[in-house]
1. Using a 1.4 Å probe on the protein chains only, how many percent of the accessible area of the chain belongs to carbon and sulfur?
2. Return the sequence-ordered ³J(HN,Hα) values of the range 128-140 in whole Hz as given by the Karplus equation 6.51 cos²θ - 1.76 cosθ + 1.60 applied to θ = phi - 60°, using x for Gly and Pro.
3. Going by alpha carbons, how many degrees (0 to 90, nearest 10) lie between the helix axis of 185-202 and the longest principal axis of the chain?
4. Sort 179-186, 410-417 for me by packing, meaning the mean count of neighbouring Cβ atoms within 10 Å per residue, highest on top.
5. I'd like the distance separating the alpha-carbon centroids of the range 277-349 and the range 137-196, in whole Å.
6. How far apart, in nm, are the 7 Å Cα→Cβ label points at THR32 and ASP291?
7. Can you compute 3J(HN,Hα) from phi for each residue in the range 320-333, using the Karplus curve 6.51 cos²θ - 1.76 cosθ + 1.60 with θ = phi - 60°, rounded to whole Hz and x for Gly and Pro?
8. Loop-only check: which trypsin sites (Lys or Arg not before Pro) in the range 47-114 are DSSP coil with at most 10 other Cβ within 10 angstrom?
Amino acid sequence: MSKNQMVVAALTAVVPELSPAEIDEKMETPKTAKLGDWAFPTFTLAKLYKKAPQQIAADLVEKIDKSNFEKVVATGPYINFFLDKMATAKLTIASILEAGEHYGDNQDGQAGNVTIDMSSPNIAKPMSMGHLRSTVIGNSLANITAKNGYQPVRINHLGDWGTQFGKLIYAYKTWGNEAEVKADPIGTLLRYYVEFHEKAKDDDSLNDAGRAWFKKLEDGDPEAQELWKWFRNESLKEFTTIYDRLGIDFDSFNGEAFYNDKMDGVVEQLVDKKLLVKSQGAEIVDLSDIDPNLTPAMIKRSDGATLYMTRDLAAAIYRKETYNFVKSLYVVGGEQREHFVQLRAVLSLMGMPWADDIEHIAFGLITFNGKKMSTRKGDVVLLKDVLDDAHQLALAQIQEKNPDLTNKELVAEQVGAGAVVFHDLMNDRKNNFDFNLEEVVRFEGDTGPYVQYTNARAQSILRKAQREIDLSDLDLDDAQTWDIITTLGNFPQTVKRAWDNREPSVIAKYALLLARNFNKYYANSKILTDDQQLNARLALVAAVSTVLTESLRLLGVQAPSEM
Ligand code: ARG
């Protein structure tokens, strides 16, 4: 999708030496509206035409077909295009209503699989707000990936292996009981885990006992295995209720344990390539050749137990073999930066040419009303509680604004969950941010409900109008709509930018801008007045709703038609 089809077409006709894509790439938005809507710099043509850029700009302006523009002028080395507002409005609205949800689809993508490691919570612990970010950023990136012509593969790399399960098994066997776990699996397991850490503070032998149980688990001890499976199942059940509420599906739940039988192969390769060295009993890969500041990657502990890194190496190789990805994204908090630098470094030392396709999609910390969360101390904010509270806050506002709405509970769920997701995505992902639920669920301001409400308002106008839109009658001569038209026209490049930057906030900010533009127009105009331009205005409203709905879908947020 080009930035502006009319400008690209006009230039292609007079500069056949450049492809439309090359022209599109060079187009800029001028700093002020006085210089028009689009500018094309002619510097690169100087060599080709053996003339000064100023001269080239002046010559091309003579030749360009200006019928689709208000004017086209040369300003020094630039060609400035002033769009004909009526022609642009017509073209923009028509292309949106014709393409529907496919408006903005990016066909430049060379296609191919993109694996997205996302959510990946640790089992036997409740899913906290901390994992929310990975889940919703990952899901939105997957939608954006698909919109840009690739095939996303959503992978939940469950944290279902590691020493903490040894600790948990020890705690369960020492002071736990079955009935208690059955009554409230996750809550109880979390309590055991917290108690373990409290007791271990005064008695280090607990840590040894925990490690010993993990070793048993790794060695296939039946009792340890059985308990582990039970804990894992209960956890998955609980996670799934949350994924369902957020409308998120996964293509794979292969977690860390899945790689247990795939790690020997990795270790062998490391040995063959003479990369594995012993260091204080442990086995490591030295990475100082790649970067002198990089600490070595730990592959095996001194007791022979494998590590997070070893499983990630096996997983990376497995994903390449299984999906032959063109990119492999890992949506994981910024605090794991070094881990992913190490992962790439080891893979490139192993001679994997695709190591560079691995990208750590880092994100900042989420605090909850100013507090940081920690599972070890037990002061964790449960995502389930957040969603329940958001639901209630949304419901209260719906009761007040639209008491006659028939499916209030359903809409309250869509608005509550949507508010939480939208808020998470509207900030640049690397920023830290605080979460205050009252603000997040408000129907006004920079919120998801505000965008949803704007869309519902557009839908309500279309319902009231009760007529079919005629695509052959789109003459709209109304200066008030110009901001909406240009914003609508920018959607395709916004989709592309969101992918290029791996940044859902680009879409969220865009949706807020479009909603604000539309509300300003709505406040100052009588859309439903029965005059000659009624059809064109309704078409504009339908186009706004189409693009708002699609933006929300890319974010993983529902768009109720009434609220
Ligand atoms: N379970 C890990 C955690 O909660 C995140 C896993 C991320 N994915 C990965 N392939 N390492 O910290």
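1. Summing carbon and sulfur atoms, their accessible area is 48 percent of the total for the chain.
2. Ordered by residue, 3J(HN,Hα) equals 9, 4, x, 7, 4, 4, 4, 5, 7, 5, x, 5, 5 Hz.
3. Helix 185-202 sits roughly 60 degrees off the main axis of the chain.
4. Values: 179-186: 14.4, 410-417: 22.6.
Ranking, from highest mean packing down: 410-417, 179-186.
5. Their Cα centres are 22 Å away from one another.
6. 4.4
7. 5, 5, 7, 10, 6, 4, 8, 9, 10, 9, 10, 8, 9, x
8. Working: sites: LYS47, LYS50, LYS51, LYS63, LYS66, LYS71, LYS85, LYS90; in loops: LYS50, LYS51, LYS66.
Answer in residue order: LYS50.
The values are calculated or read from the model by the stated rules, or taken from the named source; none is laboratory data. Since the structure is predicted, the reported quantities are computational estimates derived from the model, not experimental observations. Note that each Cβ is placed from the backbone with ideal geometry, even for glycine, and that neighbours are counted across all protein chains shown. Heavy atoms of the whole protein, side chains included, go into the accessibility calculation; ligands, DNA and RNA do not. Shrake-Rupley method; radii C 1.70, N 1.55, O 1.52, S 1.80 Å.
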